[in-house]
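A.B. asks: Take this structure first; my questions come after.
The values are calculated or read from the model by the stated rules, or taken from the named source; none is laboratory data. These numbers come from a predicted model, not from an experiment. With ideal geometry, Cβ positions are generated from the backbone for all residues, glycine too; neighbour counts draw on all protein chains shown. Side chains are part of the model used for accessible areas, which takes the heavy atoms of the whole protein and leaves out ligands, DNA and RNA. Shrake-Rupley method; radii C 1.70, N 1.55, O 1.52, S 1.80 Å.
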Amino acid sequence: MPPPKDVVKIAIQMVGAIPQLIELQQTKPLASVLKDVCDAWSLPNAERYALQYADGRQTYITEADQEAEQLYNGIQSNNSDVKTDSLKKLASLSQDVTFAQEFISRNGLKQIFWIVEEGNTTGEMLAHTLKAFMELMEHDFVSWETLSPTFIKKIVSYVNLNVVDTSVQQLSLSVLENMVPTSRLLFELVKKEVTLDRLLTHLQVTNSQLQLKAMALLIALLLAATGAERRDMMDYLREKNIRQFIHKNIIHSSEPLGDEMAHYLYVLQSLSLNLCEHRMRSSMDPYSQEQRELLQSLRQNAFEPEPEAPASTFSTERRRSLCAKEFRKLGFMNNSNPAEDLRRAPPGLLALDNMVYFSRNTPSAYTRFVLENSSREDKHECPFARCSIQLTLILCEILHIGEPCSETAQAFYPMFFGQDHFFEELFCICIQLVNKTWKEMRATQEDFDKVLQVVREQITRTLSLKPTSLELFKTRVNALNYSEILKLRQTERLHQEETLALPVLELRERLKPELLELIRQQRLLHLCQGTLFRKISSRRRQDKLWYCRLSPNHKVLHYGDVEEGVCSPPIESLPEKIPVADMKMLLVGKECPHTKEKSSGKQNKDVLELAFSMVYDMEEYCLNFIAPTRYEFCLWTDGLNVLLGKEMTSERTQTDLDVLLSMELKLRLLDLERISIPDTPPPVPKPPSNLNFCYDFSHAEQ
């Protein structure tokens, strides 16, 4: 009877001892094997011994080494069940960097390439193969540029065919997404083989995970494209009405929007708006016939053309004088040469584009704006052109046009995807808001900056409410009139103001230690509740989640990987532990080792602001974090500083302390409302010359 497949015979030798020939059961723990070998030689303390290859590399055998050898043989098995189980286990174990290194060193990736290129594998086995490939490539031991054309074409075919299993399509899309940013050659290959139409087809399915992976590949292609290529791709997507589809089927779908999809929508919005950057940074060229015609169209659309007259009737000077007068009515500062007003960049030609769009698409509102203000003689006229130029600049700043995309931001505006000409339509609403606010403030030219500052506040406050459509934005921003802004400012000022009398300041100092202790306890309680963190690699922001929490007795930090959807795993399920006594130092930002490792690429400001590391165990190891939000960053760094016996240094500490001090002071001083507190205490009166005024209770008793 043949021996089981997981049993092999090996020889073990040691200097001064008789060699052993044993049957090694590969599923048996390595520690148990070592104990049996040591028992046969009567050696105590088996944990002090290790197995080492006698030939070849002569490296020590570890559990990872043993598993790697076993799975390398398993994925070559002719038995489909053994092969599938081996690939499934490989996909799981490949997350470990030590195991991955061992497996790759055995040319394991070549075997995976062959399984895919052969083309006979389908369904679950193929899904496990691609998952294992992704996990192995994640460790950056092998360059993506080494992939063979045959392998890439196979991956592309899984994306382009409708009959392929959904899980295989998802993994194939992820493979291509990671491939695109690594080289220009791979970008061009993927862009050519996987068309935008195919990606749009995947976006229209009901499977949210397939939608997510298709969106991820689309964003990767857009980010890797040149400026001209990106513009062409965006134009094509606009023709296919991608915005309306996203607005209807993704943003307003029955399923909640996940963090990754929110990030991709933010990037798509940012890339779309950044198409305006070229016009924003381009000054007007007074010698350009096209630009001069656009400028003249503003004047012609605002004022009724005079009846035709013989050429001799109008001299050149009179024509110039008439044009200058009309450009002055339009609100240009330099009415004799209005092109000079548009030479400032930003906003450059983008301001001219907005004005022309407003005049052509809402002619009645445009004419009313210009004529209403050009006919006023009380110095309260609102200059259309000057306001338009400044408003365009304000909108560019609010919408971050011309700024690079953040790797972690998720702040997109749902209404952006409900409108084709979003920026221009937003301008049309806001320029009318400027005129309305100008009248409410009864402003003059001297109040120009003040009015635009109020308008900026109206826009930012309304955008923070995340209106779902431009119509809703228009309703809300118009409801937020000047008087409402004044009320909001007054309310915020009252919250921020504090009595600065010396006795109150002394009371503040006395209250601080007690309130700081309260903040420390809150930070430690937050650490005990724990937080879900994401692992962000150099190529992609997704996927892997891990959880970290402090033990209730504040002595051990527990952490470990978790699956998607797990909100608050029990502390017993987190396998890794760090005793608080072993923690030595807290690093933040650029000091962290996981940010230094990625210094070869362009450092992202957002990631640096959220990164921190805990150094432990004789300063040899680091536990690296990237906080999901700035709020979590502040609470965790404060809590870890408390555990280290150091001061809390985050900006959140000062904010919380100010809030608590303000509340406590108001409660303490409640009885002194409307009573002025002097800067210095009143003088203590001199003692009386005698105390005869004291009542003698003894006489009352008699």
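A.B. asks: Can you confirm whether the stretch 386-404 contains a residue that is crowded, with 23+ Cβ neighbours inside 10 Å and in contact with a Phe, Trp or Tyr (Cβ under 6 Å, 6 or more places away or on another chain)?
C.D. replies: no
A.B. asks: Sticking with this structure for a sec: Checking the structure you have, find out if any residue of the stretch 466-474 is crowded, with 18+ Cβ neighbours inside 10 Å, under 28 Å from Lys248 (Cβ atoms) and β-branched (Val, Ile, Thr).
C.D. replies: no
A.B. asks: Among (1) of a type outside the set (Ser, Thr, Tyr); (2) touching a helix residue (DSSP H, G or I) at 6+ places or on another chain (Cβ under 9 Å); (3) at pLDDT below 90, there is one condition Arg520 misses while meeting the rest; what is its number?
C.D. replies: With (1) of a type outside the set (Ser, Thr, Tyr); (2) touching a helix residue (DSSP H, G or I) at 6+ places or on another chain (Cβ under 9 Å); (3) at pLDDT below 90 applied to Arg520, the lone miss is (3).
A.B. asks: Looking only at the stretch 603-643, which residues are closer than 21 Å to Lys555 by Cβ, open to solvent by 40 Å² or more (accessible area, probe 1.4 Å) and out of contact with any strand residue (DSSP E or B) (no Cβ under 6 Å at 6 or more places or on another chain)?
C.D. replies: Asp617, Met618, Glu620, Tyr621
A.B. asks: Is it the case that some residue within the stretch 40-59 is part of a helix (DSSP H, G or I) and either on the phi > 0 side of the Ramachandran plot or modelled with pLDDT of 85 or more (or both)?
C.D. replies: Among the residues of the stretch 40-59, at least one is part of a helix (DSSP H, G or I) and either on the phi > 0 side of the Ramachandran plot or modelled with pLDDT of 85 or more (or both), which makes the answer yes.
A.B. asks: Residues of the stretch 567-578 being surrounded by fewer than 12 Cβ atoms within 10 Å (Cβ to Cβ) and either in a strand (DSSP E or B) or more than 21 Å from the chain's Cα centre (by Cα) (or both), which ones?
C.D. replies: Pro570, Glu572, Ser573, Pro575
A.B. asks: Tell me which of these Thr475 doesn't satisfy, since it passes every other one: (1) without any contact (Cβ under 8 Å) to a residue 12 or more places away in the chain; (2) among the β-branched types (Val, Ile, Thr); (3) not in a helix (DSSP H, G or I).
C.D. replies: Every listed condition holds for Thr475 apart from (3).
A.B. asks: Here's something else I'd like to know. In the stretch 406-465, what count of residues is obtained for those that are free of Cβ contacts under 8 Å to residues at least 24 places away in the same chain, surrounded by fewer than 18 Cβ atoms within 10 Å (Cβ to Cβ) and not hydrophobic (A, V, I, L, M, F, W, C)?
C.D. replies: Of the residues in that region, 6 qualify.
A.B. asks: Name the residue, out of Val556, Val566, that is among the hydrophobic types (A, V, I, L, M, F, W, C) and either more than 15 Å from Asp617 (Cα to Cα) or at pLDDT below 90 (or both).
C.D. replies: Val566 is the lone residue from the list that is among the hydrophobic types (A, V, I, L, M, F, W, C) and either more than 15 Å from Asp617 (Cα to Cα) or at pLDDT below 90 (or both).
A.B. asks: Are there any pairs, at least 6 apart or on different chains, whose C-beta atoms fall under 6 Å, with the first in the stretch 386-398 and in a helix (DSSP H, G or I) and the second buried (at least 20 other Cβ atoms within 10 Å of the Cβ) and of a type in the set (Gly, Ala, Ser), and if so, which?
C.D. replies: Listed by first residue and then by second, the contacts come to Arg386/Gly331; Ser388/Ala351; Ile389/Ala351; Thr392/Ala351.
A.B. asks: Can you find, within the stretch 373-411, the residue that is modelled with the lowest pLDDT among those that are farther than 20 Å from Met280 by Cβ and among the hydrophobic types (A, V, I, L, M, F, W, C)?
C.D. replies: Out of the qualifying residues, it is Ala409.
A.B. asks: Quick check on the stretch 526-542: of everything there that is closer than 21 Å to Lys596 by Cβ, open to solvent by 40 Å² or more (accessible area, probe 1.4 Å) and part of a strand (DSSP E or B), which residue is modelled with the highest pLDDT?
C.D. replies: Arg534
A.B. asks: Quickly run through the stretch 572-597 and pick out the residues that are hydrophobic (A, V, I, L, M, F, W, C) and without any contact (Cβ under 8 Å) to a residue 40 or more places away in the chain.
C.D. replies: Residues satisfying the conditions are Leu574, Ala581, Leu587, Cys592.
A.B. asks: Please find, among Gly331, Gly402, the residue that is outside any helix (DSSP H, G or I), more than 26 Å from Leu480 (Cα to Cα) and in contact (Cβ under 8 Å) with a residue 12 or more places away in the chain.
C.D. replies: Gly402
A.B. asks: Another question, then. Residues in the stretch 457-471 that are part of a helix (DSSP H, G or I) and either among the small types (Gly, Ala, Ser) or closer than 17 Å to Glu492 by Cβ (or both): how many?
C.D. replies: Total meeting the criteria: 5.
A.B. asks: Do any helices (runs of 4 or more DSSP H) lying entirely in the stretch 205-311 carry at least 3 residues that are open to solvent by 60 Å² or more (accessible area, probe 1.4 Å), and which ones are they?
C.D. replies: 227-239, 289-302
Conditions (1) without any contact (Cβ under 8 Å) to a residue 12 or more places away in the chain; (2) of a type in the set (Phe, Trp, Tyr); (3) over 18 Å from Met583 (Cβ atoms), marked per residue:
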residue: Met614; (1), (2), (3): no, no, no
residue: Trp636; (1), (2), (3): no, yes, no
residue: Gly639; (1), (2), (3): no, no, no
residue: Glu647; (1), (2), (3): yes, no, no
residue: Gln654; (1), (2), (3): yes, no, yes
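A.B. asks: So which of Leu161, Leu171, Leu147 is among the aliphatic types (A, V, I, L, M), open to solvent by 10 Å² or more (accessible area, probe 1.4 Å) and under 24 Å from the mean Cα position of the chain (by Cα)?
C.D. replies: Result: Leu171 is the single residue among Leu161, Leu171, Leu147 that is among the aliphatic types (A, V, I, L, M), open to solvent by 10 Å² or more (accessible area, probe 1.4 Å) and under 24 Å from the mean Cα position of the chain (by Cα).
A.B. asks: Pairs please, first residue from the stretch 102-125 and farther than 20 Å from Asp81 by Cα, second anywhere and open to solvent by less than 70 Å² (accessible area, probe 1.4 Å) and of a type in the set (Ser, Thr, Tyr), Cβ atoms under 6 Å, 6+ apart in sequence or on different chains.
C.D. replies: Arg106/Tyr72
A.B. asks: Separate question: If Asn335 passes every condition in (1) modelled with pLDDT of 90 or more; (2) touching a Lys or Arg at 6+ places or on another chain (Cβ under 9 Å) but one, which one does it miss?
C.D. replies: Asn335 satisfies all of (1) modelled with pLDDT of 90 or more; (2) touching a Lys or Arg at 6+ places or on another chain (Cβ under 9 Å) except (1).
A.B. asks: Given the condition part of a loop (DSSP other than H, G, I, E, B), modelled with pLDDT under 80 and either hydrophobic (A, V, I, L, M, F, W, C) or loosely packed, with under 11 Cβ neighbours inside 10 Å (or both), answer yes or no: does some residue in the stretch 65-78 qualify?
C.D. replies: No: the stretch 65-78 contains no residue that is part of a loop (DSSP other than H, G, I, E, B), modelled with pLDDT under 80 and either hydrophobic (A, V, I, L, M, F, W, C) or loosely packed, with under 11 Cβ neighbours inside 10 Å (or both).
A.B. asks: Here's a follow-up. Show the residue pairs meeting these rules: Cβ distance below 7 Å; 6+ apart or different chains; first residue within the stretch 347-373 and of a type in the set (Val, Ile, Thr) and open to solvent by 10 Å² or more (accessible area, probe 1.4 Å); second residue in a helix (DSSP H, G or I) and at pLDDT 95 or above.
C.D. replies: The qualifying pairs are Thr362/Cys428.
A.B. asks: Now for a separate question. At pLDDT 85 or above and out of contact with any Gly (no Cβ under 7 Å at 6 or more places or on another chain), is that true of Arg318?
C.D. replies: no
A.B. asks: A further question on this structure: Name the residue that is least open to solvent (accessible area, probe 1.4 Å), counting only residues in the stretch 91-141 that are in a helix (DSSP H, G or I) and among the polar types (S, T, N, Q).
C.D. replies: The qualifying residue least open to solvent (accessible area, probe 1.4 Å) is Thr129.
A.B. asks: Could you tell me whether Leu545 is at pLDDT below 90 and either open to solvent by less than 40 Å² (accessible area, probe 1.4 Å) or not in a loop (DSSP other than H, G, I, E, B) (or both)?
C.D. replies: Criteria met by Leu545.
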